[in-house]
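> I'd like to ask you about the structure that follows.
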């Protein structure tokens, strides 16, 4: 089929009801892994406020144009659902039901369907009907409180921790687990309720365990992994760049202070009372050379030190370039599909789907004539 890739999910059919943020990213991940993802766009669009040709979260997908509020729109979606394995939607709770494409009619049409729901607050609870964005979801789960310096406001980690880590990735795990239940266990379809608050909270499981054991303080910038430790953090270089240091284990730390040139003067790493003094010594030393010079010093070592690269710089890093971590497709440099598979590798094989551009192709491949465009409907 024209829309199916060669990855491990080849043959899996996904209907994505167009939205923004974590839903499209989750569908992109499925498409990167070979699933045939059909995005149901609506007239007027629902994507990012950029040229659709650059909306990379719609790569490897195909798009059909259906007006869910128009006559026959819900029925056209149900016709697609009849041939699908997974559906993904990211509306507020109750909206899909009001549009006529909620779990009940979809599972009635296709009892083996996995119906994936992506929201911030979840399908029920006091805030379920409230609007929200990534920053609010990670705020109430305690996740945001951990990020940043102790004497400054919490640092916003773009929308990576909530939308994509706590949202998209949990939705993908959920729908694939449910699909396994259908295919390998002979089970029925079901609804997967993926809430960003649930996922973001789940990401802090290890931290909660450390806190219960007395190994983590419930305040920012005071712990081993949150910038409180002088040998796990970032330091400015002479040219205004930054180096990232993660020399946690003793043997790595020993190599770090040796190469940094402070082995004979640095306070003992376990002398917590002198951590401020150790941090100042490390900071002074890094300010003596440029980022490129320090990169050369540490690149062949186990000191766990790396340059902090910008988004534009990252693709040229020797390791990432050697692995093909980034790829170029359609004139756009972009992250390559991940993870990797030895027998069924994923790939970027289609540019971002243009709204409605693949309607007739999907109608043919999926055997759903009801969605054909006016130009081709009735032409045989």
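> Can you tell me which residues in region 316-328 are touching a residue at least 12 places away in the same chain (Cβ under 8 Å) and in contact with a helix residue (DSSP H, G or I) (Cβ under 7 Å, 6 or more places away or on another chain)?
The answer is 326, and nothing else.
> Based on what the data block shows, is residue 245 touching a residue at least 60 places away in the same chain (Cβ under 8 Å), crowded, with 16+ Cβ neighbours inside 10 Å and within 36 Å of the chain's Cα centre (by Cα)?
Taking the combined requirement at face value, the residue satisfies it.
> Got a sec? Which helices (runs of 4 or more DSSP H) wholly within region 19-102 have at least 3 residues that are within 15 Å of the chain's Cα centre (by Cα), modelled with pLDDT of 95 or more and in the same structural domain as residue 133 (by TED's automatic domain parsing)?
22-32
> So if I check each of 134, 151, which one is out of contact with any strand residue (DSSP E or B) (no Cβ under 9 Å at 6 or more places or on another chain) and modelled with pLDDT under 95?
151
> Another question about this same structure. Here is a list of conditions, (1) under 15 Å from residue 172 (Cα atoms); (2) crowded, with 24+ Cβ neighbours inside 10 Å; (3) at pLDDT below 95, and residue 5 meets all of them except one; can you say which number that is?
(1)
> Taking the stated definitions as given, is residue 277 at pLDDT 95 or above and touching a strand residue (DSSP E or B) at 6+ places or on another chain (Cβ under 9 Å)?
Numbers: at pLDDT 95 or above: yes; touching a strand residue (DSSP E or B) at 6+ places or on another chain (Cβ under 9 Å): no.
Here the answer is no, as residue 277 does not meet what is asked.
The values are calculated or read from the model by the stated rules, or taken from the named source; none is laboratory data. A quick note: this is a predicted structure, and the numbers were derived from the prediction, not measured. Cβ atoms come from the backbone with ideal geometry, glycine included; neighbour counts cover every protein chain shown.
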